[in-house]
Structure formats: C-alpha cells, structure tokens
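Quick notes on the structure that follows.
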Ligand code: SF4
C-alpha cells in the first residue's frame, strides 16, 4: 500500500475553509492561499506541483466519487477542455475577481456601502450577515466577494464532477490555466508533462489515480 504523506489529506482543506466561512466570513481571506500559492510555485519552480500534490480541491474531486460513487465518469464535451473555453473562462474569472477588488476599494473609500451577502453562481444572492463589527468594512466586503467566488467555483466543479469525470473542473480551472501558462512560458513554449493539467495529462487514466498525475 502506498505510503500516505501529509499532503494526501489536503482534501480536508476546502471542507474546513467553507465551514470556517459559515462561522465568520473573515476566514474567506484564507482562500488567498489557494490563489497565491499555485502562482508562487509556478513562478519560482516552473511546474504544477500545486495541482499535482497540494491542491485540496482537486483531491476532493477525486475522493468524493471514489468513496460516494457520485460521478457518472463519462467523458466531458470536448469544448470544456478546449483552449478557447479555458481562456474565456479564465478571463471571466479574472473579471469577476477584479469586480470584487473594485467593490472592496469603493467600500474602503466610503463611496459604497458594505453588502452583506454571498452570491452563488452569479445568480443567487443569500443574505449572510455575521456581524463583524470590529473589522474594517473593506475587509469584510472582500471576504463576502471572495467567499462567493470560491463557493461558486466549487459548486461548478462539483456539478461537472457529477456529470462527467471526477476531475473535469481541472480542465478549465482558472488557477490551472494560469499556472500552465506560467509553466509553459518558463519552459519556452513547450508543454512538458509536469505542465499539463491533470485531466489532459491522463485522458484515459482512471481518475482514482489522478490526485498526483501530470
Ligand atoms: S487545476 Fe485547479 S482544481 Fe485542479 S488541481 Fe489544479 S488548482 Fe486544483
């Protein structure tokens, strides 16, 4: 039996993250680790070690179908992994992140009021007042926006996990796309195996093995 490492348990991290946010929305800031660490690893080491080893979300998408059988395990439509869709989704995701930053700035300036709600799938707005009176309003505003973004992307990932292969989200995940671009640019345009996203790197492989593939 393969020896387990501490990072094999990082699938717990997204569960802990969303649970903490239920109690105090300020914990949403911890999600910046998932945002900055993959970029740091890609820039410094020129590889996708975060995807292949340290991504709790990717691990969770592998683990849930294995333990609960909640994935149809059918191939996703080709367009979902096409460069056009991946980069369009990346641009959309970054635009949404920019919107969060601009709203945070407006609250910081005092030209916009704090909006205490978590948005899901950019369609549904859930009032979510947690009463963080002691924190600056801009910090709370960023928390709501970032938690919404993390929750929305997790829900999309769970939907495509259930409909298609477990790690389908990884084929268009914005963090995966960004780290792949960085990695490729550091490898002078080539795409060595360590730069491939998990789904593309092992298109015929069992998703059970995919936690550490590519
Ligand atoms: S592609 Fe995204 S979800 Fe998948 S392992 Fe990489 S960072 Fe995690």
Legend entry - Inter-label distance, nm, simple model (7 Å from Cα along the C-beta direction), residue 125/residue 33: 3.2 nm
Inset, instruction - Take peptides 64-71, 23-30 and line them up by average Cβ neighbours within 10 Å, highest first, as a rough protection proxy. - result: 23-30, 64-71
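Diagonalise the Cα gyration tensor of segment 1-100 and give the resulting equivalent ellipsoid semi-axes, square root of 5 times each eigenvalue, largest first, whole Å.
Equivalent-ellipsoid dimensions as semi-axes: 22, 21, 17 Å.
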Legend entry - Selected from 85, 18, 172 as most flexible by GNM, with the chain as the system and alpha-carbon contacts under 10 Å: 85
Inset, instruction - Compute the acute angle (0 to 90°) between the alpha-carbon long axis of helix 174-186 and the principal axis of greatest extent of the alpha-carbon atoms of the chain; round to the nearest 10°. - result: 60 degrees
Inset, instruction - Normalising by the residue count of the chain, find the relative contact order in percent from Cα pairs under 8 Å and 6+ residues apart. - result: 30 percent
Legend entry - Fraction in percent of alpha-carbon pairs per bin - 10 Å, segment 94-153: 25, 57, 18
Inset, instruction - With the Cα gyration tensor of the chain in hand, convert its eigenvalues to equivalent ellipsoid semi-axes via √(5λ) and list them largest first in whole Å. - result: 30, 19, 17
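Readers should treat all values here as calculations from the given coordinates under stated rules, not as data from a laboratory. No experiment lies behind these values; they were computed from the predicted model shown. Neighbour counts are summed over all protein chains in view; Cβ atoms, including those assigned to glycine, are modelled from backbone coordinates with ideal geometry.
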